[in-house]
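Participant: Shown below is the structure under consideration.
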Amino acid sequence: MLDVIHHPLRLSADPARVVVRPFHIPIEASSSAGRPGRVRRIVDSVLALDEEMAEIELELVLRDFEARHWQTRSVFMTRYAQIEQALALDGGEISEIKQQLIGAYFCHEYSYAAAALMNPSVIPHPDQSGLSKGAVRIAMSLRAVGEGHISSVSFREGILGPGPTVELMPEPPFATAADSAIEVGNGAIEVHRHADSSLSGTVLFPMTAAQSKGLEDMRLVEFTHDDGSVEWIGTYTAYNGATIRSELLRTRDFRSFTLMPMGGPAARNKGMALFPRKVGGEYLMIGRQDGENVFLLRSDKLDQWGEGELLLTPKYPWEMVQMGNCGSPIELEEGWLLLTHGVGAMRKYSVGAVLLDKKDPSKLIGRMSQPLLSPADEDREGYVPNVVYSCGGMRHGDLIFLPYGVADSSVAFAFVSISSLIEAMR
């Protein structure tokens, strides 16, 4: 019998979680001859205020928003600096009060998880200090959906165990958006979280044109290179409102993040999941190249992926419509544990599992005939009903810890014993 323990903890969308983001108004000439464009008009209007009136207006803004955000004045100044550069302003001639007020006019408050919180993945936290025996600190990525159905990546930190327990660290009162985007070549950018912010309070927003409508369903994995060094890599879908492509997040400290596109035929699809190390001298990835079946991809470069080879096709009723992965393969003594998702009648999403050969993952060793997780009565309703879905679990002693999305609306948590899982796949 499959031994699944459902934890009572549940995370839900929260419209009160807000960040200050740039409010983008195109910097262009006015459509009326002889008049300045809107950005220039706003700046000129602020500059025309006497100092006392500018201070009164800034205080009104701060009264509304300073208590709701972290380092609000600093954010305004950062935004002002961008406007100063775009309009070639002389900052030496403009008071700090007016600079902050100009910055405020080009910012807005954004509720990044107002619509949904879903599709988590989890990895061991880079910091494992100060824990009791049997406990593991974790870092979890989540897909947060806000205004305009735009998806971003948020994070939560917590502790597992000892045993089948999970406790998440409290969220800080203020969330901050990672910023300071720097182009690093070949379509990649580097962003940084603020030095004084926690990971649990950091949000990664779309930054490039290809990402403009969302960063979706990140699958995080702790990747060990041939030299023994460790890097945390996330595969995710970049969406611009019309097309998708797969991209990589890479970080060695969860303070600086590189977001980069992947190339090759496989990158035109979504749902790619990287193995946590090379196998047979090659990088391996699980993909879904035709939107229906599961493929095994091989490459000698992390950012270039071909079509790959067919690995799994739908076999059982609960996965008859289509299959895909639920995160990166998990290495066990018995082989590679690959969590899968299957879609059945009435577009019902369930989570299953297969076991792949450790030396040759193209060989299937075992497969579950029944789902590991399936929408229960209390888990059916939500933004997208009848869906349970995960972007990755992890090993915790003799258990698999599996956070999962429910109805594209909330996040639940389960533990399953590895021995019962292996037995169910025989």
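Participant: Go through the stretch 272-291 and count every residue that is under 24 Å from the mean Cα position of the chain (by Cα), open to solvent by 10 Å² or more (accessible area, probe 1.4 Å) and at pLDDT 95 or above. Step through it out loud before you land on a result.
Facilitator: Within the stretch 272-291, the subset under 24 Å from the mean Cα position of the chain (by Cα) is 272-278, 283-291.
Still in the running and open to solvent by 10 Å² or more (accessible area, probe 1.4 Å): 276-278, 283, 288-291.
Retained after the next criterion (residues that are at pLDDT 95 or above): 276-278, 283.
Looking only at that region, the number is 4.
Participant: Scanning the stretch 25-47 for residues that are among the small types (G, A, S) and either assigned to a loop (DSSP other than H, G, I, E, B) or at pLDDT below 80 (or both), which turns out most open to solvent (accessible area, probe 1.4 Å)?
Facilitator: From the stretch 25-47, those among the small types (G, A, S) are 29-34, 37, 45; that's our starting set.
Checking the rest, the ones that are also either assigned to a loop (DSSP other than H, G, I, E, B) or at pLDDT below 80 (or both) come to 29-34, 37.
On the way: A29: 86, S30: 39, S31: 125, S32: 48, A33: 103, G34: 87, G37: 8 Å².
Among residues in the stretch 25-47 that are among the small types (G, A, S) and either assigned to a loop (DSSP other than H, G, I, E, B) or at pLDDT below 80 (or both), the one most open to solvent (accessible area, probe 1.4 Å) is S31.
Participant: Of everything in the stretch 1-24, what is open to solvent by 60 Å² or more (accessible area, probe 1.4 Å) and either in a loop (DSSP other than H, G, I, E, B) or touching a strand residue (DSSP E or B) at 6+ places or on another chain (Cβ under 7 Å) (or both)? Give them in sequence order. Outline the logic, then answer.
Facilitator: As a first pass, look at the stretch 1-24 and keep what is open to solvent by 60 Å² or more (accessible area, probe 1.4 Å): 1, 3, 5-6, 8, 10, 12, 15-16, 23-24.
M1, D3, I5, H6, R10, S12, P15, A16, F23, H24, listed by residue number.
Participant: Next question. Does the stretch 313-336 include one or more residues that are at pLDDT below 95 and open to solvent by 10 Å² or more (accessible area, probe 1.4 Å)?
Facilitator: At the first step, the residues of the stretch 313-336 found to be at pLDDT below 95 are none.
Scanning the stretch 313-336 turns up no residue that is at pLDDT below 95 and open to solvent by 10 Å² or more (accessible area, probe 1.4 Å).
Participant: Inspect all residues belonging to the stretch 256-267 and state whether any of them is open to solvent by 40 Å² or more (accessible area, probe 1.4 Å) and assigned to a loop (DSSP other than H, G, I, E, B). So that I can check it myself, show each step before the final result.
Facilitator: Step one: list which residues in the stretch 256-267 are open to solvent by 40 Å² or more (accessible area, probe 1.4 Å), which gives 265.
Those left that are additionally assigned to a loop (DSSP other than H, G, I, E, B): none.
No, because not a single residue in the stretch 256-267 is open to solvent by 40 Å² or more (accessible area, probe 1.4 Å) and assigned to a loop (DSSP other than H, G, I, E, B).
Participant: Using the structure shown, decide if F174 is in contact with a helix residue (DSSP H, G or I) (Cβ under 8 Å, 6 or more places away or on another chain), closer than 25 Å to S328 by Cα and of a type in the set (F, W, Y). It would help to see each step written out before you state the result.
Facilitator: Working: in contact with a helix residue (DSSP H, G or I) (Cβ under 8 Å, 6 or more places away or on another chain): yes; closer than 25 Å to S328 by Cα: no; of a type in the set (F, W, Y): yes.
Spelling it out, it is not the case that F174 is in contact with a helix residue (DSSP H, G or I) (Cβ under 8 Å, 6 or more places away or on another chain), closer than 25 Å to S328 by Cα and of a type in the set (F, W, Y).
Participant: Follow-up. With the structure loaded, tell me whether R73 is within 29 Å of the chain's Cα centre (by Cα), open to solvent by 80 Å² or more (accessible area, probe 1.4 Å) and closer than 18 Å to T176 by Cα or whether it fails that test.
Facilitator: On the way: within 29 Å of the chain's Cα centre (by Cα): yes; open to solvent by 80 Å² or more (accessible area, probe 1.4 Å): yes; closer than 18 Å to T176 by Cα: yes.
Criteria met by R73.
Participant: Please verify whether S180 is part of a loop (DSSP other than H, G, I, E, B) and at pLDDT below 90, treating the condition exactly as stated. Steps first, answer last, please.
Facilitator: Numbers: part of a loop (DSSP other than H, G, I, E, B): no; at pLDDT below 90: yes.
So S180 fails the test.
Participant: Evaluate the stretch 389-409: report whether one residue or more is touching a residue at least 12 places away in the same chain (Cβ under 8 Å), touching a Ser or Thr at 6+ places or on another chain (Cβ under 9 Å), of a type in the set (K, R) and surrounded by fewer than 16 Cβ atoms within 10 Å (Cβ to Cβ).
Facilitator: no
Participant: Then there is this: Any chance the stretch 197-208 includes a residue that's farther than 22 Å from V136 by Cβ, assigned to a strand (DSSP E or B) and either small (G, A, S) or modelled with pLDDT of 90 or more (or both)? Before the answer, list the steps.
Facilitator: Here is the first cut: in the stretch 197-208, the ones farther than 22 Å from V136 by Cβ are 197, 203-208.
Filter once more, so that each one left must be assigned to a strand (DSSP E or B): 203-204.
Filter again for either small (G, A, S) or modelled with pLDDT of 90 or more (or both), leaving 203-204.
Yes, some residue in the stretch 197-208 is farther than 22 Å from V136 by Cβ, assigned to a strand (DSSP E or B) and either small (G, A, S) or modelled with pLDDT of 90 or more (or both).
Participant: Another question, then. Out of the residues in the stretch 292-312 that are touching a Ser or Thr at 6+ places or on another chain (Cβ under 8 Å) and among the hydrophobic types (A, V, I, L, M, F, W, C), which is surrounded by the fewest Cβ atoms within 10 Å (Cβ to Cβ)?
Facilitator: By that ranking, first place goes to L296.
Participant: Name the single residue that is nearest to N386 (Cα to Cα) among those in the stretch 131-141 being open to solvent by 20 Å² or more (accessible area, probe 1.4 Å), of a type outside the set (S, T, N, Q) and touching a residue at least 24 places away in the same chain (Cβ under 8 Å). Step through it out loud before you land on a result.
Facilitator: Going residue by residue through the stretch 131-141, those that are open to solvent by 20 Å² or more (accessible area, probe 1.4 Å) are 131-134, 136-137.
Next cut, of a type outside the set (S, T, N, Q) only: 131, 133-134, 136-137.
Narrowing further to those that are touching a residue at least 24 places away in the same chain (Cβ under 8 Å): 131, 133-134, 136.
On the way: L131: 38, K133: 38, G134: 35, V136: 32 Å.
Result: V136.
Participant: Another question, then. Which residue is most open to solvent (accessible area, probe 1.4 Å), if the candidates are limited to the stretch 53-70 and must be without any contact (Cβ under 8 Å) to a residue 40 or more places away in the chain and of a type outside the set (V, I, T)?
Facilitator: First, the residues of the stretch 53-70 that are without any contact (Cβ under 8 Å) to a residue 40 or more places away in the chain: 53, 56, 59-60, 62-64, 66-67.
Now restrict to residues that are of a type outside the set (V, I, T): 53, 59-60, 62-64, 66-67.
Details: M53: 79, E59: 82, L60: 73, L62: 8, R63: 178, D64: 99, E66: 71, A67: 87 Å².
In this case the residue turns out to be R63.
Participant: In addition: May I ask you to list pairs of residues, at least six apart or on different chains, whose Cβ atoms are under 7 Å apart, with the first in the stretch 295-309 being under 20 Å from M323 (Cβ atoms) and modelled with pLDDT under 95 and the second being open to solvent by 70 Å² or more (accessible area, probe 1.4 Å) and in a strand (DSSP E or B)?
Facilitator: What qualifies is G308/R298.
Participant: Among the candidates V230, V184, which residue alone is within 30 Å of Q289 (Cα to Cα), open to solvent by 60 Å² or more (accessible area, probe 1.4 Å), in contact with a strand residue (DSSP E or B) (Cβ under 8 Å, 6 or more places away or on another chain) and among the β-branched types (V, I, T)?
Facilitator: Step by step, each of V230, V184 is checked, and only V184 is within 30 Å of Q289 (Cα to Cα), open to solvent by 60 Å² or more (accessible area, probe 1.4 Å), in contact with a strand residue (DSSP E or B) (Cβ under 8 Å, 6 or more places away or on another chain) and among the β-branched types (V, I, T).
Participant: Residue pairs, Cβ under 7 Å, 6 or more apart or interchain, first in the stretch 109-130 and within 25 Å of R252 (Cα to Cα), second basic (K, R) and open to solvent by less than 10 Å² (accessible area, probe 1.4 Å). List them.
Facilitator: S121/R219
Participant: Considering the stretch 90-107 alone, what residues qualify as being open to solvent by less than 40 Å² (accessible area, probe 1.4 Å) and without any contact (Cβ under 8 Å) to a residue 12 or more places away in the chain? Give the steps one after another, and end with the answer.
Facilitator: In the first step, residues of the stretch 90-107 are kept if they are open to solvent by less than 40 Å² (accessible area, probe 1.4 Å); the result is 91, 94-95, 98-104, 106-107.
Within the stretch 90-107, G91 is the sole residue that qualifies.
The values are calculated or read from the model by the stated rules, or taken from the named source; none is laboratory data. All of these numbers come straight from a predicted model, not from anything done at the bench. Here Cβ is always computed from backbone atoms with ideal geometry, including for glycine, and neighbour counts include all displayed protein chains. Side chains included, ligands, DNA and RNA excluded: accessible areas come from the protein's heavy atoms. Shrake-Rupley method; radii C 1.70, N 1.55, O 1.52, S 1.80 Å.
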